[in-house]
Amino acid sequence: MARYTGPSCRLCRRENTELFLKGDRCYSDKCAIKRRNYPPGQHGQGRTKVSAYGTQLREKQKVRRIYGILEKQFRGYFHLADRMKGVTGENLLTLLERRLDNVAYRLGFAASRSESRQLVRHGHFTINGRKVNIPSIQLKAGDVVELREKSRKITAVNDALEAVVRRGIPQWLELDRDTFRGTLKGVPVREDITTPIQEQLIVELYSK
């Protein structure tokens, strides 16, 4: 499979921004961006002139890596967003945010999206009472995401829930910590997505 299996911190350095791929490490002094704030490789500290295409490409790669999506699937999301009513770039971000693995991460059930994706794959979650194991499921307003009863003693999950206070939970989500249950209060809009993303650059890249 084409999934990236190399060092996660290398991706953050390549995109020159924190992608928060390693949970608590990203908030500590061990963060690679804080220690070596330049691209990886022997030419990383050299001067580079980036073209307009290069800027657009880097923005697309950054968003792909944030959400952990391969190129073919990401392009599919773009074409779907392009067919929807509204602004294409905002539609794209909304589709990415409504993925089950992302919602589980946003609710604090996992320290990172990759960890959240693994929990979903192993069948630890239900949607509206129904067991699911597909990370890309699109959730809608009113859906209830719940951790299965047998999974509530997982140490990593409880540690992540304790640490979610630092990260915060988006306004479009609601978490009931006592019942390990999260609810989508509504569909996220652009103002709800605080991740530094310039989605218009991605639209320009795919519109060539």
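Any read-out appearing in this document is the output of simple, stated calculations on the displayed coordinates, not a laboratory observation. Nothing here was measured: the structure is a model prediction, and the numbers come from that model. We place every Cβ from the backbone using ideal geometry, glycine too, and count neighbours over all the protein chains shown.
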Rank-order 90-99, 172-181 by packing density, defined as the average count of other C-beta atoms within 10 Å over each peptide's residues, highest first.
90-99, 172-181
With r as the distance between the Cβ atoms of residue 181 and residue 132 and R0 = 22 Å, compute the FRET efficiency 1/(1 + (r/R0)^6) and round to 0.05.
0.95
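For the stretch 99-187, what mean projected area does the convex hull of the alpha carbons give, in nm²?
4.8 nm²
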Using Cα positions and a limit of under 19 Å, work out the aspartates and glutamates in reach of residue 72, with same-chain residues fewer than 8 apart set aside.
59, 82, 97, 101, 199, 204
Magnitude of the Cβ-charge dipole (Lys and Arg +1, Asp and Glu -1) of the stretch 99-187 about the Cα centre, nearest 20 debye, reported as 220 debye
One finds, for residue 195 and residue 153 with R0 = 22 angstrom and r their Cβ-Cβ distance, a FRET efficiency to the nearest 0.05 of 0.10
So residue 143 and residue 75, fully extended at 0.36 nm per residue minus their Cα-Cα distance, gain in nm 21.9 nm
Can you compute the label reach from residue 52? Point 7 Å from Cα along the Cβ direction, backbone N cut-off under 19 Å, restricted to the stretch 64-93.
89
